[in-house]
Structure formats: structure tokens, C-alpha cells
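As C-alpha cells, the structure follows; a few thoughts come after it.
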Amino acid sequence: MNLNTNNVSSYADTFIKTLVDYSPKIISAFIILFLGLYAIRLINRIIRKIMVKRELDPTLTNFLADILLWVLRVLLFVSFIDKLGIGTSSFVAILGAMGLAVGLSLQGSLSNFAGGMLIIVFKPFKVGDTIEAQGTVGTVSEIQIFVTKLINSNNQTIFIPNGSLSNGTITNYSMQGSRRADLTIAISYDTNIKKAKEIIFEVLNNNPKILETPAATVIVKNLSESSIELAVRPWAKIEDFWNVYSDTLENCKSAFDVAGIEIQPFVKESSKK
């Protein structure tokens, strides 16, 4: 196949001329892009500092900052293609059609976005709260646009979609500031109940982490075939809860040993045939 050198030369000249004529638009468009990205990061950083300075809720601060970041990026992208000479009206129409198609295929993501908005508005929990939801217990680390990030007691990071989170049952252990430990201690029928309760109350009163209000209670919970079950219910601040929980069990066991009271082991009752 023979190439016409005149045609090749003509095409090359046309390409070079077009490139030279179009290069100012390309250069200015990329200058706008790079300066815009830098400006967006700067604006986002400033907005975050302003909201933190005004002591806005950290959850609301992060959420609004993320939304602002994406809105500014979309506006920058539209400006970028407009500077390249691509008609923004036709592009916006195409973008709208694509948005509709993507929206229909990503209904779950839109549901998660709406769920995030509901969480921000109604505040069933905030960053730092310990919650139980979707079968998971953890401390809220971050509320993002589509998911909420929890850190559990094993230091594992768990992401829960905001849609299912906002539509499900949420137990917030931190909202009230205090929490009650529900403990059960079983003693034999030979044990003096009054004496056992006095020992338990003494243990509770000697623990400074146990709150005086609401007052701790010790009651007979159940009379089983093998033991008397005492319900021990001390109150503690959220940050002291697990220490109070374990200390109460340990100190009651030690006090019972000194008093010569044996904790009745759990006996599985056999079914009658």
C-alpha cells in the first residue's frame, strides 16, 4: 500500500495547527483544575476549623464537610470541561440521564445517604457513643455519608450502612451517661440471705466507681431447684461500667470466701423422661 506523502503532510499540518490553536484552552483548563483542587482542599480545611471553633457537633462537622467537598468537586469538573470547549448544556443533559440511570441502579446507596441525613438530623447517637445495632456493639468512630464506622472491644473496625442503621433498632448505651450492671450470684439454700445481702452491699459501698444515685439494689431474683439467685444491680458511669462489672463479681467472691459462704455452681436441670 502506497502512502500519499502530500496527504500525510497535509494531515500533519492540520493536526499541528489544531493543537496550537487548542493548546491555550487545554493549558488554561488544567490550570483551573489544579488550582481548583488546591482551593477546594483549602476551603474544606478552613470550613472544618470554623465549625470546630464554633464547637459544632463533630458528627455534623464531618458530614457537612464531606458534602461540601463533593459539591465543590462537581462544580470544578463542570468548569473544567467548559474551559475545554465542551458544551455544558449538553453535558448536563447527559449527566442528568446518567444520574437517573445510576440512581435507579444504586437505590441502596441513595437509601444509605438518606439514612445518614436522618442520623445527622435526629441524632440517635454521635461520635464517641457506644451503641448496639444490627447485632453489633461498638463505639461510634465516624459517621460518613453512606456508612457509620464502629470500633468494637476487639479493636475491629465495623462499617454499617446508614440505611439499615436508621431503619433498625439502635441501643445507645452512652446517651444517659450511666449504665446499670445486671449480675446474678447464686447461693445455696443453707446460706442466710440477709447476711449474704449485707456482704454484697458492703462490697458495693466500698467501690468508689459505683454511683450512689441511682442506688444499687440486691434482691432475690429466683428460687431454683439448686440455689437462691440474687440479682445484684450497681450503677456506674459509662467509662467505668466494665470495671464495675468485673470488680463486683471478684470482690463479692472474695468477701464470701472470708465469710465462709460458697457460691452455688450452676447445675443444669435434667429433663424428666
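Bear in mind that the values in this text are calculations on the coordinates, not laboratory data. Keep in mind the model is a prediction, meaning the values are calculated, not measured. Backbone-built Cβ (ideal geometry, glycine too); neighbour counts: all protein chains shown.
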What's the extension gain from I16 to E239 if we count 0.36 nm per residue and subtract their Cα-Cα distance?
73.2 nm
Using a Förster distance of 45 Å, the FRET efficiency for Q156-D190 (Cβ separation, nearest 0.05)
0.50
Between R73 and V137, how many nm apart are label points set 7 Å from Cα along the C-beta direction?
3.7
The answer for T136, listing residues at least 5 apart or on another chain whose modeled amide H is closer than 5 Å to its amide H, is none
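Given R₀ = 45 Å, what would the calculated FRET efficiency be for I46 paired with Y173, taking r from the Cβ atoms and rounding to 0.05? The partial results should precede the final answer.
Numbers: r = 35 Å, r/R0 = 0.79.
Efficiency, rounded to the nearest 0.05: 0.80.
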Distance (nanometres) between label positions extended 7 Å along Cα→Cβ at L64 and L37:
2.8
Counting sequence-distant residues (5 or more places) and residues on other chains, those with an amide H built under 5 Å from that of Y173 are T130, I131, E132
Quote the FRET efficiency, to the nearest 0.05, computed for D182 versus K123 with a Förster distance R0 of 25 Å and r equal to the Cβ-Cβ distance.
0.40
Once a ≥ b ≥ c are taken as the square roots of the eigenvalues of the Cα gyration tensor of the range 178-259, is the result rounded (a/c under 1.5), prolate (a/b larger than b/c) or oblate (a/b not larger than b/c)?
prolate
Along Cα→Cβ, 7 Å out, is where each label goes; now give me the distance between the ones at S224 and E198 in nm to one decimal.
2.7
Å³ per residue enclosed by the Cα convex hull of the range 124-273:
155
Would you please give the residues with an amide H less than 5 Å from that of S227, counting only those at least 5 places away or on a separate chain, with H modeled from the backbone geometry?
none
